[in-house]
Amino acid sequence: MQRRYWKGLVIALAILALACTTTLTGCKKKMASDPGMKTTGTTTSTGIYSGGASTTAPTPTAGGMSEADLAAQKAAEAKRMAEERARQIADQAMARFNTQNINFAFDNSDLSPEAMSILKDKANYLRQFPNKGVLIKGHCDDRGSLEYNLALGDRRANSAKNFLTDLGIDARRINTISYGEEMPLAQGQNEAAWAVNRRCEFALE
Amino acid sequence: MSKTFIRTACTCFLFLLSMSLLAGSAAAARYEYWINNPFLRKIPIAIPDFLPQTVNEEPRQAAVQAREWLISGLEFVRYFKILPPESYIISDGESLTAQTINFTNWTSIGADHLITGGLDLRGNVLEMELRLFDVPRNRLIVGKRYKGQVEDMRKMIRRFCVEIVSALTDSKGVFGTKIAFVSNGPGNKEIFACEYDGFDPQQLTSGSKIALSPAWSGDGTHMAYVSYADGTPQIFVRNLEQKSGIKIAYKGMNVTPAWDPTRFSLAATLSLNGDQEIYSLTGNGKIIKKLTNNWGIDVSPSYSPDGKQMAFVSNRSGNPQIYIMEMDTGEVRRVTFTGKYNSGPSFSPKGDRIAYAGMDDGTFDIYTVRTDGTDVQQLTNDPGDDESPSWSPDGTLIAFSTTREGKPRIYVMTSHGTDQNRLLLLDGGQTQPAWSPWLGDY
């Protein structure tokens, strides 16, 4: 449930972002048409580009700005945008890392193909941010014995840990804890709730 | 920690004296057969109203309360039947002693035994005389006089219950025991303990975040339990009298402690290397030995009363089943073969049977089985989950947790599954009952 929610959110954000950029560029094109023609009459692409700058600062009216200043401003802005985008991507990756759980079958700590692909994604992140560690929390559904489930949760957390270390992540960066059946995500006595509760959660630290 | 334990420690201060009124020298009737076969019949006892020595309101109320506690105590052990007072035929002048009692009337209503009680309350000082009679033989079995503060009335009753059970059976019964359990009433799971019959529940731990799996040491002086107070699951071993304690905090998890009843030593599941194995540890948490060696889950140890065997849960066969280990050779044999999920073993105090929770049709019920794997008996059968069986130290009763009411509750039944009743009603849900050994006169 949680996972589907995040997937939906990410897709919605992507569509929104796409929509924004298209409308913006459309807007830029229109505004750029005048000054672009007036000044140098370079290619449309440059025209658009300079127009982009003209939207951020009212250059034509302000007058006295040199070509060099303009270029520097443009470069700074581009850099800022790039950084922003990188930060957004990193934030999204971190959010995904912290919220995307892996799930298990009843009385089982084996990793499914889906769990493995999620773990590969997490390994990539950990390689990208070598100063971060992760706490893996193993959980169970509330069927079965409470004591056995403590061990099963421990086993699930260790399955995930072992997979990450097999992918080259230093074991010292990974801590595990079992909560057994003590912290269910979903309430209810049905397979949908149980399936959500049989999980490992991940927390960057 | 709890006031109860402080109170326990201070009992020597109370001048609670008791003396035999008359030495019941002749051998009392022994009821082992009935106690161990609750389907047959219960021991019929008549308990007429207690007689206050003065007619004031307070002694009269005390007499009513004392008799109620005696009846509820005897009913709790589930092998006595208290005959209904409507049937009693009490002759004129009948009083507390054998000389005044018309035994024929008590025989005619089917009473094997008769208990008389008299008390006097002056200010805060309570004196109580209690006598148990053998009705068919027309004679006194045991008589006691108790003197103490009025607050000690329950203790006096409990002491006399011990006298009754000691006279009629080969054991001291359950009156000097307590039951520890987990309750999430405080908002998170903490350890509690109450008297054998659910009276006076006290919270023993706080700030645990999650507390689980209480376990009494063989002599009742220490309690081990699992706590997440420091973040990860660790085993806390607490001296109940001195209120001191140590933590067992190896890397990985430290769970499911169980005491060797013969030594200051316990078994617990640790996951030092990512594999869950049972280790034996000193009472101070030092590893003595790795007991299991199997790539899989080994958990929930329970020692036999002589400490020579240990039952535990392992998934080495593919799903959780009960196994027994011989402690001297390390040899392991499987005990449960029916069902795909058997857990929570508890060795009977006689060492002949294991109680456990087995899953059938998706829910757990309590079973017992002989240690050789034969004679499986199903004790509970209801739509809820019945789990975590724990034997009373005399082997006649089993406490367990059940979700039959919705929220998890502690229930008690005979070791044959009869007379299933709720132990106590508390806020939140209660799980994982652990019956103490004989604690003496708390």
Inset, instruction - Quote the charge dipole size of chain B about the Cα centre in Debye, to the nearest 20; the model charges only the Cβ of Lys and Arg (+1) and of Asp and Glu (-1). - result: 840
Inset, instruction - Only helical DSSP H runs with n ≥ 4 go in: add -39500 (n - 2.57) per run for chain B, normalise by residue count and round the 222 nm mean residue ellipticity to 500 deg cm²/dmol. - result: -3500 deg cm²/dmol
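Please identify the chymotrypsin sites (Phe, Trp or Tyr not before Pro) of the range B:265-346 that satisfy two criteria: DSSP loop assignment and at most 14 other Cβ atoms within 10 Å. Which are they?
Numbers: sites: B:Tyr279, B:Trp295, B:Tyr303, B:Phe312, B:Tyr323, B:Phe337, B:Tyr341; in loops: B:Trp295, B:Phe337, B:Tyr341.
Those satisfying the criteria are B:Trp295, B:Phe337.
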Inset, instruction - Determine the principal axes of the Cα atoms in the range B:43-125, then give the extent along each, sorted from largest to smallest and rounded to whole angstroms. - result: 39, 31, 20
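Going by the alpha-carbon gyration tensor, a ≥ b ≥ c the square roots of its eigenvalues, is the range B:178-435 rounded (a/c under 1.5) or, if a/c is not under 1.5, prolate (a/b greater than b/c) versus oblate?
Details: a/c = 1.42, a/b = 1.01, b/c = 1.40.
It comes out rounded by the Cα gyration axes.
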Inset, instruction - Would you mind checking A:Lys122/B:Lys209; B:Lys147/B:Lys350; B:Lys81/B:Lys189; A:Lys137/B:Lys308; A:Lys122/B:Lys340 for any pair whose Cα atoms are more than 32 angstrom apart? - result: B:Lys147/B:Lys350; B:Lys81/B:Lys189; A:Lys137/B:Lys308; A:Lys122/B:Lys340
Legend entry - Partner aspartates and glutamates for A:Lys120 [C-alpha distance under 16 Å; skip if fewer than 8 residues away on the same chain]: A:Asp110, A:Asp166, A:Asp170, A:Glu201
Inset, instruction - Calculate, axis by axis, the spread of Cα positions in the range B:287-442 along the three principal axes, and write the results as whole Å, longest axis first. - result: 44, 43, 31
Legend entry - Dimensionless Rg/Rh of the range A:85-192 - Kirkwood Rh, Rg from C-alpha atoms: 1.00
Inset, instruction - Please report, in cubic angstrom per residue, the volume enclosed by the convex hull of the alpha-carbon atoms of chain B. - result: 154
Inset, instruction - Could you check which residue among B:Asp230, B:Asp197, B:Asp152 shows the biggest mean-square fluctuation in a GNM of chain B with a 10 Å Cα cutoff? - result: B:Asp230
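Rounded, prolate or oblate: which fits the range B:215-355, taking a ≥ b ≥ c as square roots of the Cα gyration tensor eigenvalues, rounded meaning a/c under 1.5, else prolate when a/b beats b/c? Don't skip to the answer; put the middle values down first.
On the way: a/c = 1.85, a/b = 1.29, b/c = 1.43.
It is oblate, given that a/c is not under 1.5 and a/b is not larger than b/c.
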Inset, instruction - First check a/c for the range B:307-349, with a ≥ b ≥ c the square roots of the eigenvalues of its C-alpha gyration tensor; if it is under 1.5, answer rounded, and if not, answer prolate when a/b is larger than b/c or oblate otherwise. - result: oblate
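Count the net charge of all other residues whose Cβ sits under 9 Å from the Cβ of B:Ser271, scoring Lys and Arg as +1 and Asp and Glu as -1.
On the way: positive: A:Arg155, B:Lys251; negative: A:Asp154, B:Asp275, B:Glu277.
Neighbour charge sum, excluding B:Ser271 itself: -1.
Values quoted throughout were computed directly from the atomic coordinates according to the rules given, and no laboratory measurement underlies them. Nothing here was measured: the structure is a model prediction, and the numbers come from that model. Don't worry about glycine lacking a Cβ; one is built from the backbone with ideal geometry, like all the others, and counts go over all protein chains shown.
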